[in-house]
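To keep things clear, I will list the structure first and then write my remarks on it.
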Amino acid sequence: MRILITAGPTREHLDDVRFLSNASSGRMGFALAAAARAEGHSPSLILGPVDLPPPPDVPVTRVTSAQEMHDAVLAALPAHDALVMAAAVADYRPKQRAKGKPRRSAGPPTLELVPTPDILAAARAVARPGFVIVGFALEAGDLGEGARRKLAEKRVDWIVADAPAAIGVDVTTAEIHGRSGLVMRLDRKPKADIALAIIRQLGATAV
Ligand code: CTP
């Protein structure tokens, strides 16, 4: 399968030097790309700004903002069979981006935020029948409850739910949920193990 994987955070700029973002390291997306290669698939990455190097031999498109990630995903979609949205996409961006670096003496800015494009929803709207979509759900509460809600809302094939503590670290607990319920719970596992389970699930169920 040709698997498109998004990874890392997005940055939503207030001006040319300041931005809103999160602590996503890209590790889960990199682990997914490595697992996909190990299982004989062809992965490619769409990557937000991260410090870690992506796995070698995986084509990478670098993006900064949620809008850029959205555009890159939609452009790449026709050449792939599945999308795994492991990126921690910012939900909101500043309505306006100021030029240069406004001075502190200008006083505290009032930030008006507007939603970023919902990349999963946009992908679902244009994906051909049989195209497989996996979303992630960062859930502060019950993993299963959030996963079931997002499966229905986002019309994806699988949701991988994990806790906010997963951001930026290697070992985490995750649940894989499909349309017919919980498929697998992985307790305190390295992201490499979780990624392999997700990729095997994809490979086993794709048409
Ligand atoms: N996502 C997306 N486009 C966005 C924001 C998020 O495609 N603009 C994707 C993420 O990559 C992830 C999934 O949506 O695969 C769920 O992200 P999450 O932040 O957990 O969910 P939200 O939709 O933001 O819902 P909530 O805030 O209620 O948890």
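Whole number please: convex hull volume per residue, Cα atoms of the chain, in Å³.
126
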Which of L120, T205, P102, positive extreme of dipole for the chain (C-beta unit charges): P102
Cα point-scatterer Debye curve for the range 73-179, base-10 log of I(q)/I(0) at q = 0.12, 0.19 Å⁻¹: -0.55, -0.99
Pairwise centroid distance, computed over Cα atoms, of the range 177-207 with the range 1-28, Å: 23
The chain, relative contact order in percent, only Cα pairs under 8 angstrom and at least six apart counted: 22
Stokes-Einstein D (µm²/s) once Rh is taken as the Kirkwood radius of the range 1-109 over alpha-carbon pairs, at 4 °C in 1.567 mPa s: 88
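Just want to confirm a number: the relative contact order over the range 100-207, from Cα pairs under 8 angstrom separated by 6+ residues, in percent. Can you show the working numbers first?
Numbers: 135 pairs, mean separation 20.1, N = 108.
For the range 100-207, the relative contact order is 19 percent.
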Entries of K101/K150; K95/K154; K95/K150; K101/K191; K101/K154; K95/K189 with Cα pairs more than 31 Å apart: K101/K150; K101/K191; K101/K154; K95/K189
Accessible area per residue in Å² at 1.4 Å probe, computed on the chain: 51
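Please give the length that would be gained between V183 and D15 if that part of the chain were fully extended, namely 0.36 nm times their separation in residues minus their C-alpha to C-alpha distance (nm, one decimal).
Working: separation 168, 0.36 × 168 = 60.48 nm, distance 4.37 nm.
Contour length minus the Cα-Cα distance gives 56.1 nm.
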Dipole magnitude of the chain about its Cα centre (Cβ charges: Lys, Arg +1; Asp, Glu -1), debye to nearest 20: 380
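The values are calculated or read from the model by the stated rules, or taken from the named source; none is laboratory data. These numbers were taken from a predicted model, which means no experiment stands behind them. Note: ideal-geometry Cβ built from the backbone for every residue, glycine included; neighbour counts use all protein chains shown. Please note that ligands, DNA and RNA were not included when accessible areas were found on the heavy atoms of the full protein model with its side chains. Shrake-Rupley method; radii C 1.70, N 1.55, O 1.52, S 1.80 Å.
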